[in-house]
Amino acid sequence: MAYDLVVIGTGPGGYVCAIRAAQLGLKVAVVEKDKTFGGTCLNVGCIPSKALLHASELFEEAGHSFARMGIKLGEPKLDLPAMMAFKDQGVDGNVKGVAFLFKKNKIDAFQGHGRIVAPGRVEVKANGGTQTVDARSIVIATGSGVARLNGVAIDEQRIVSSTGALVLDQVPQRLLVVGAGVIGLELGSVWRRLGSEVIVVEFLDRVLPGMDLEVGKQCQRIFQKQGLTFKLSSKVTGIDTSGPKLRARVEPAAGGAAETIEVDVVLVAIGRVPYTDGLGLEAVGVSRDNRGRVVVDPHFATSVAGIYAIGDVIAGPMLAHKAEDEGIALAEILAGKAGHVNYDAIPNVVYTFPEIASVGKTEEELKEAGIAYNVGKFPFMANGRAKVNMTTDGFVKILADARTDRVLGVHIIGPDAGNMIAEAAFAIEMGAAAEDIARTSHAHPTLTEAVKEAALAVDKRAIHM
Ligand code: FAD
Ligand code: NAI
């Protein structure tokens, strides 16, 4: 049977694209090589990592701040297998949810490895058998895989990627994290809270490259206070796995004397790379850039007519909601509507404690572009709700165009920053001015009042500072 659309990959890009296309009346099939739907995000990414972040955060809170609030429980004890089971249950619920949505939207699912054999034709191989799926349009939504570190073999036991770090069966005494990016800080935080001594080696001279520099500096200070050790401007050049402990060779990034760090587990978190293995792209002539990403035009069309791509496999931030937004936009374009993604309004959240969230431009980007801006900043130390909750680390920073007051960027470190950034993303999407946020009523007492105060501070009229 011929379909309107076949989507290869059922991560947040692929499954959302398939559902939206089905909603719009297209006949849709999906192809997935893994046993469950949901891709990296649901199976080994966003969902399991957030389950462990949530559980480990409560574990730490129970040990530290409960007594200060008059709750006496005694020393909390870790039951790691139960915590892992809690995480697995969360994953299971989510991946089953996708299967349900496919059925509900009458989307046919083919299990197996998909290969594009020609425009309009995908071959699906599973358990020795091959099926052919014909469709007017093909969507590549095959996502990304772990970037490898030269000379370091990931065995997912002692030298792990994020996937192995989500299933460790005991708390490592010492954990070496390579890369102070999102995964390094999130999963480094999880294992530190559960009892590991965590050392983070980062090639650059700062953590979270790409985020606003002031935010990077402040969050590094906070994580250091929590017990993480950072070795910036450093690189791991090899790991000796012969003994009971791993011996990692760490050198200054610019070269120089190496030191050896003994640890139990190494987490390699130096980024992700587009995944197109066995997809047949060369044979059909789909172009990729020098980083292996499928090249698309503003309508997600590849170099071959009828073949499209979305999500981690194309350029842009590797984020689940970015993949989803592209999936929806592409489905709408294929159904004859006007799908669009505003890349200036995609929020970025690091789910540590405190959370770090941003949307729009950083100060560094505005300076480089020569755009004059005003800064409004408000610390959580001066927010009533944060004070009573004893969560006063961090601030809200709003960057607004000096001439028009239009909000260009918002950066938050603080409790619940991931939820609070939604207001900022909406403001940017609507082309709002800082004055618009300042004049919007924010409930008291909430952390969101810090956003309003930062907007007032753009015009130097914050009340509580
Ligand atoms: P993927 O989710 O990678 O899905 C691709 C799918 O395609 C997979 O199911 C794969 O099996 C399938 N596939 C590939 N090739 C084939 C083939 N040839 N045939 C059939 N099937 C194929 N992002 C956030 O926004 N928030 C977070 O909190 C967050 N946390 C993360 C935590 C971790 C540890 C990791 C690793 C990532 C996290 N991300 C997070 C990133 C997020 O997971 C990705 O941006 C998102 O999954 C990308 O979606 P996608 O649909 O492009 O690809
Ligand atoms: P990342 O790109 O966030 O960070 C990688 C870090 O490793 C960078 O700081 C980089 O400078 C450093 N690095 C690179 N090579 C190195 C080397 N040889 N030695 C030492 N340091 C080195 O990548 P990460 O953390 O692996 O995450 C991958 C992707 O997954 C990210 O793009 C992110 O968008 C996504 N993700 C998103 C999450 C979220 O939204 N909360 C959570 C986890 C992942």
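Tabulated data for the structure shown
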quantity: Complete set of residues in the stretch 88-111 that are over 21 Å from Gly327 (Cβ atoms) and either within 16 Å of ligand 2 (Cβ to nearest atom) or buried (at least 18 other Cβ atoms within 10 Å of the Cβ) (or both); calculated: Gly90
quantity: Elements of type helices (runs of 4 or more DSSP H) in the stretch 416-465, at least 2 residues being touching a residue at least 40 places away in the same chain (Cβ under 8 Å) and farther than 14 Å from Gly376 by Cβ; calculated: 417-429
quantity: Wholly enclosed strands (runs of 3 or more DSSP E) of the stretch 231-316 bearing at least 2 residues hydrophobic (A, V, I, L, M, F, W, C); calculated: 234-240, 246-252, 259-263, 265-268, 307-309
quantity: Every residue from the stretch 254-265 that is in contact (Cβ under 8 Å) with a residue 24 or more places away in the chain and surrounded by 15 or more Cβ atoms within 10 Å (Cβ to Cβ); calculated: Ile261, Val263, Asp264, Val265
quantity: Selection from the stretch 96-125 of residues that are closer than 18 Å to Arg20 by Cα and of a type outside the set (D, E, K, R); calculated: Gly97, Val98, Ala99, Phe100, Leu101, Phe102, Asn105, Ile107, Ala109
quantity: Residues (of a type outside the set (A, V, I, L, M) and more than 12 Å from ligand 1 (Cβ to nearest atom)) located in the stretch 319-344; calculated: Glu332, Gly336, Lys337, Gly339, His340, Asn342, Tyr343, Asp344
quantity: Residue match in the stretch 293-307 (condition: within 16 Å of ligand 1 (Cβ to nearest atom) and among the basic types (Lys, Arg)); calculated: yes
quantity: Tyr3 being modelled with pLDDT of 95 or more, within 17 Å of Lys322 (Cβ to Cβ) and among the aromatic types (Phe, Trp, Tyr); calculated: no
quantity: Unmet criterion (only one of (1) surrounded by fewer than 18 Cβ atoms within 10 Å (Cβ to Cβ); (2) more than 16 Å from ligand 1 (Cβ to nearest atom)) for Val250; calculated: (1)
quantity: Residue tally, condition within 16 Å of ligand 1 (Cβ to nearest atom) and in contact with a Pro (Cβ under 9 Å, 6 or more places away or on another chain), over the stretch 199-218; calculated: 1
quantity: Val215 in a loop (DSSP other than H, G, I, E, B) and at negative phi; calculated: no
quantity: Residue in the stretch 338-353 that is under 16 Å from Val16 (Cα atoms), assigned to a strand (DSSP E or B) and at pLDDT 95 or above present; calculated: no
quantity: Residue satisfying condition, being surrounded by 16 or more Cβ atoms within 10 Å (Cβ to Cβ), within 16 Å of ligand 1 (Cβ to nearest atom), under 20 Å from the mean Cα position of the chain (by Cα) and over 29 Å from Lys397 (Cβ atoms), within set Val268, Val286; calculated: Val268
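Quick grid of which residues meet (1) within 25 Å of the chain's Cα centre (by Cα); (2) hydroxyl-bearing (Ser, Thr, Tyr):
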position: Thr10; (1), (2): yes, yes
position: Tyr15; (1), (2): yes, yes
position: Val28; (1), (2): no, no
position: Asp34; (1), (2): yes, no
position: Leu73; (1), (2): no, no
position: Met84; (1), (2): yes, no
position: Val95; (1), (2): yes, no
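The values are calculated or read from the model by the stated rules, or taken from the named source; none is laboratory data. The structure displayed is predicted, hence computed values, not measured ones. Methodologically, a virtual Cβ is constructed for each residue, glycine included, from the backbone with ideal geometry; neighbour enumeration extends over all protein chains shown.
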